[in-house]
Each structure stands twice: as structure tokens, then as C-alpha cells.
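Accompanying notes for the structure given below.
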Amino acid sequence: MSSVAQPFSEVAAVARPFASVLERVEAWHESLSALLGSTGGNPTVAQVDALIESLVVPDLSERDTLIVGAGFVCAPGFLSSAPWHLSWWLGKFNSFGAIGRGGVTRRLEASEDPGSDSFRDYTLLEWWRVPVESGMPHITGPYVDYLCTDEYTLTLTVPVYHAGALVGVIGADMYAEDVERALLPALRAINGGATLVNRVARVVVSTDPHRATGSLYREEGLLATLKSLDTLAVRNIAPVLWGGTSLALLLELVTA
Amino acid sequence: MPQSTRARSAARAAVFAPLDGAGRAEVVERRLSDAILLGLLAPGERLPSEADLSRQFNVATVTAREALESLRGRGLVQTRRGRGGGSFVRSKSDAHLEVIEERVRGISRVELRDLGVHFAALAAMSAELAAERASGDDVEGLERLVASFARDTDGAARRAENTFRLEVAALSQSARLVRELLRLQAEFGPVLWLNLRDQRYRDRSAERQAAVVTAIAAADPAAARRATLEHIDEAVECLVDAKAELEARSP
């Protein structure tokens with residue numbers, strides 16, 4: 001990948017909150033791979049659930065974590081006794097379905113029966129589709145997730161393989177408002193201001209208070225630039241592209 | 001995490017969101033009956049057990065039982081005993097229509113119009129924002145969704161309407177709009193789309209959705225708003241007509 005501006009320390013600081021979430025996800029990934037190895041790629045549903053619960057629940061209970069939901073979603077047919085299996089937990093700060101209750105870490109109840117009306121083929125969704133196609137970590141969103149967090153959310157997912165075959169994706173949800181709080185100080189430290197956008201040029205967070213999170217950064221040629229991960233073709237904006245996360249940081253160039 | 005290409009399970013999640021306040025059995029009953037009428041709970045589908053319902057709604061078991069009994073009394077669910085037993089959604093669409101008609105009679109014309117205004121405000125703002133904020137991928141997803149809708153029965157067409165509204169609201173990028181719309185749809189959805197009994201309006205609904213999608217694709221907020229308002233106005237006018245007719249039939 002080519003990048004126009006060299007990443008410098010201020011830019012690295014913006015990446016840090018995501019990097020720390022990615023680090024947790026990769027740590028779970030490693031433990032899951034170990035289980036896959038010790039079971040010959042054939043774990044039971046109970047083994048997967050017990051492992052994922054033991055991995056994600058402590059992280060979901062951390063006080064200052066960005067992670068509000070986390071787990072492992074199986075590739076269809078990977079677990080023969082549960083062809084569509086979601087092993088996903090919601091943190092105690094996750095308000096989904098918790099009106100007047102909340103405050104407890106709990107498992108997401110999802111329909112795994114393809115015959116049921118509430119069943120959803122998650123392999124069509126961005127958080128599945130994109131990382132599985134690219135083989136890389138991917139951040140979906142921000143998007144209104146009214147199925148799981150009930151909030152404006154970003155989802156980081158990483159594909160998981162065993163013996164060269166896809167077995168599922170592992171990942172974590174973050175609230176957009178928490179991401180804003182975590183990123184703004186680092187963005188403000190960048191001279192001239194900066195806007196973090198996703199691959200469709202949707203604003204994640206910006207130093208410009210009038211660039212709303214969720215709005216599109218409309219600029220001639222920007223979409224093509226983001227798509228091709230190519231060099232700058234955009235007037236006054238220098239995109240710094242981050243390998244793997246599919247997010248880009250747009251730096252407003254300071255003209256003397 | 002799971003994203004909203006299909007709004008159905010989202011709406012279902014809202015169905016089982018915990019309750020607080022008085023008259024809980026009635027509220028549980030209303031939520032479940034609305035979900036059945038909306039088609040969120042499908043004919044033949046098993047409802048959660050009394051224990052699960054009481055846990056999910058955060059009410060006493062006896063309250064959940066009371067709500068189920070009353071749904072049985074109205075012919076919306078039936079209970080089977082033994083292994084594989086439980087409460088199942090009945091498939092008698094006549095019973096469903098009767099319940100909807102009963103609700104339409106029970107709501108004053110003033111209240112119906114006010115619900116229409118509230119719903120139109122949320123839906124129009126959603127469409128307007130969606131036109132500003134939808135990416136090319138979003139538009140493609142919406143087109144695929146609209147093309148996938150079955151519209152051969154009133155239940156299917158109602159589901160299509162609800163799913164479409166929620167998906168457009170999600171494209172607005174506003175979690176509050178989505179939550180409000182989900183709540184209002186659960187309360188008002190079955191009644192508002194009474195006109196979808198008629199195939200003519202089911203075709204019309206497809207046309208109107210296509211017009212909204214076109215406006216969103218063209219990034220034309222004013223057109224998206226206009227198409228949405230026209231569609232909802234029309235449904236409300238049909239609804240007050242239907243109410244007048246019902247009342248004339250048996251005052």
C-alpha cells in the first residue's frame with residue numbers, strides 16, 4: 001500500500017485506541033487457534049462457548065474499555081451440531097434490551113435456526129463479508145446497530161482460519177460516542193485538524209465540529225482514493241491509510 | 001454487532017425488551033399481540049416459555065401467564081402440552097384481522113391522526129437524512145432489500161413496510177430515530193397499514209418505496225421526504241375511511 005504522508009507520532013496516537021482493541025481481539029484469536037489445534041479443528045459447541053466466555057467476559061468488565069460486545073461467530077457448518085452459531089457476549093455498559101435493568105454482562109440470544117423468521121444470514125453483513133474477502137481485520141461502521149447494541153456502533157472483526165479453511169470471525173463492538181471521546185484528544189494534537197473516515201468516506205470523528213459523525217465526507221475523487229488505497233488525488237486533503245483497518249485519516253493540509 | 005440488513009429481528013428484540021410501570025400484563029399482552037399482527041412473530045412460531053417471558057420482560061411469572069391466557073382467549077395463540085409443547089402463534093388470519101379492526105374502532109380519529117403525524121415526522125426525517133448520508137453500498141443494499149420483499153399477503157406487505165422504514169431509519173445514522181421508530185411501529189404499525197389488505201395498496205406501497213429509494217440514490221433529501229409523507233398520508237386517509245366504514249357497519 002502506498003501512503004502519501006508518512007505516519008508520524010500524532011497519527012499513531014489516533015490509531016492507539018483501535019490498536020488496543022485489535023490487540024485484545026488478536027489475543028482471543030490466538031487462544032481460539034490453540035483450541036482449534038488441540039481439538040483437530042473439531043471443537044464442541046460447549047468448548048467454543050466456554051472458551052469465548054472466559055476470554056471476552058473479563059475484557060467486557062474492564063472499567064475503561066471501549067469494548068461493549070465481543071465474541072466469535074462461526075462459519076456456517078463449522079460446528080456440525082450448530083451450523084449457524086454465535087458465541088457473543090454483551091458488556092454491562094451495553095444498554096441493548098436492558099431498559100430498567102442493565103448493568104450485567106450477558107450472552108446475546110440469537111436465532112440459529114435458518115427456518116425461523118428471526119434468523120439472519122450474517123454472511124451477507126459487512127462485518128462478516130469484508131474481512132472474509134480481504135483476510136484482514138476490518139472495522140465496520142459507524143452504523144446504527146439495532147440488533148445487538150441498540151446504539152451507534154463500530155465493529156472490529158478478524159477472520160479466523162484453521163488448516164487454511166475459514167472457521168468464523170472474532171471481534172468486538174464499540175460505541176461511536178466512546179470512540180469519539182477516545183480519539184478527539186489525539187486528533188486535536190494534529191496540526192491543521194483531521195478527520196477519520198471509513199472506506200465509504202463516512203465520518204467516524206473529526207476535529208471539525210461541523211463534520212458530523214455519520215455524515216459523508218463529500219470530496220471529488222475521495223471515494224476512488226479510499227477504494228484503491230491509492231495516492232492522493234484529493235485537493236487539500238492528505239489521506240493516511242491504515243493497513244488492515246479500512247479506516248483512513250484525512251489530514252487537512254496547512255497551506256502557508 | 002449484527003447489522004441491520006433485515007430489520008425484522010431488531011423489531012423482535014424490541015418486542016421482548018423489559019417493561020417497567022403498572023398494568024404489566026396488559027402491556028405484555030399488547031406487545032405480543034402487536035408482534036403477532038405485525039407478523040414479527042410468525043404463524044406456528046413458539047413463544048418463549050412463561051419463565052423466559054417473565055425474565056425477558058422483567059415481570060412476575062404470573063403476569064406472563066396472565067398475558068398468555070388473554071392472548072389465548074383472543075384466539076392469537078394456542079397452547080400444546082407435553083414434550084415440544086408451549087404457546088404457539090395461531091395462523092388464523094381472520095382472528096388477526098378482527099383484532100386489528102377492534103383496535104381501529106378503539107382509537108379515536110383524533111388519536112389516529114396524531115399517531116399518523118408522529119409516525120410521518122419520524123419516517124420523513126429518516127428518509128431526508130438517509131438521502132444525505134447513504135453511501136453507494138447502502139443504496140445497493142436498500143435496492144436488494146426492496147426487491148426481496150414478498151407482497152402477496154397483507155402480512156407480508158406489512159412486514160415489508162416495517163422492514164423498509166427501519167432500514168431507511170438506520171441509514172439516517174441516528175440511533176434515536178431508529179429506537180423511536182421501532183417503538184412507534186410496535187404501537188401503531190398493525191393499525192396504520194390496514195390498507196394493505198387491498199392488493200391495490202400493496203402495489204402502491206411497492207411503488208412508493210421505489211420512489212423513496214430513487215430519491216435516496218439521487219441524494220435528494222427533499223424528494224425522499226415528499227415521497228415518504230405522501231405514502232404515509234395516504235395510509236392515514238385510508239385508515240380513517242376504514243374506521244368510518246367499520247363504525248357504519250355496526251355502530
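Any read-out appearing in this document is the output of simple, stated calculations on the displayed coordinates, not a laboratory observation. Being a predicted model, the structure only gives us computed values, none of them experimental. Every residue, glycine among them, receives a Cβ derived from its backbone with ideal geometry; neighbour counts consider all protein chains shown.
Suppose each label sits 7 Å from its Cα in the direction of the beta carbon; what would the residue A:136-residue B:69 distance come out to in nanometres?
6.2
Just report the Cα centroid separation between region B:76-154 and region A:10-65, whole Å.
So the two Cα centres are separated by 38 Å.
Counting only other chains, and only Cβ atoms inside 10 Å, what mean value do you get across the residues of A:197-209?
On the way: counts 0, 1, 2, 5, 1, 5, 2, 0, 0, 0, 0, 0, 0.
Mean partner-chain Cβ count within 10 Å for A:197-209: 1.
Residue by residue through region B:128-135, what is 3J(HN,Hα) from phi via Karplus (6.51 cos²θ - 1.76 cosθ + 1.60, θ = phi - 60°)? Round to whole Hz and write x for glycine and proline.
Working through the residues one at a time gives 4, 5, 4, 5, 7, 10, 6, 8 Hz.
Find the centroid of the Cα atoms in region B:43-66 and in region B:161-206, then give the distance between the two in whole Å.
26
May I ask you to sort B:243, A:227 by Cβ crowding, counting other Cβ atoms within 10 Å and putting the fewest first?
Sorted ascending by nearby Cβ count, the order is A:227, B:243.
For B:119-126, what's the mean count of beta carbons from other chains sitting within 10 Å of each residue's beta carbon?
Details: counts 0, 0, 0, 0, 0, 0, 0, 0.
Partner-chain Cβ atoms within 10 Å, mean over residues of B:119-126: 0.
Ranked by Cβ crowding within 10 angstrom, fewest neighbours first, how are B:132, B:187, A:26 ordered?
Taking fewest neighbouring Cβ atoms as first place, the list is A:26, B:187, B:132.
Can you put A:66, B:196, B:32 in order of Cβ neighbours within 10 angstrom, beginning with the fewest?
Final ranking by Cβ density, sparse to dense: A:66, B:196, B:32.
Run the numbers on chain B and let me know its relative contact order in percent, using alpha-carbon pairs under 8 Å that are six or more apart.
Reported as a whole number, the value is 23 percent.
Take the Cα coordinates of region B:118-251, assign each an equal point scatterer, and use the Debye formula without solvent to give log10 I(q)/I(0) at q = 0.22 Å⁻¹.
Taken in order of the listed q values, log10 I(q)/I(0) reads -1.37.
Where nothing but the Cβ of Lys and Arg (+1) and of Asp and Glu (-1) is charged, how large is the charge dipole of chain B around its Cα centre, in debye to the nearest 20?
Charge dipole of chain B: 960 debye, to the nearest 20.
Return the distance in nm (one decimal) between the two label points of a simple spin-label model at residue B:55 and residue B:117, each offset 7 Å from Cα along Cα→Cβ.
4.4
Among A:187, A:203, A:225, which residue has its Cα positioned farthest towards the positive end of the charge dipole of region A:137-227, with +1 placed on the Cβ of Lys and Arg, -1 on the Cβ of Asp and Glu, and the dipole taken about the Cα centre?
Towards the positive end, the residue furthest out is A:225.
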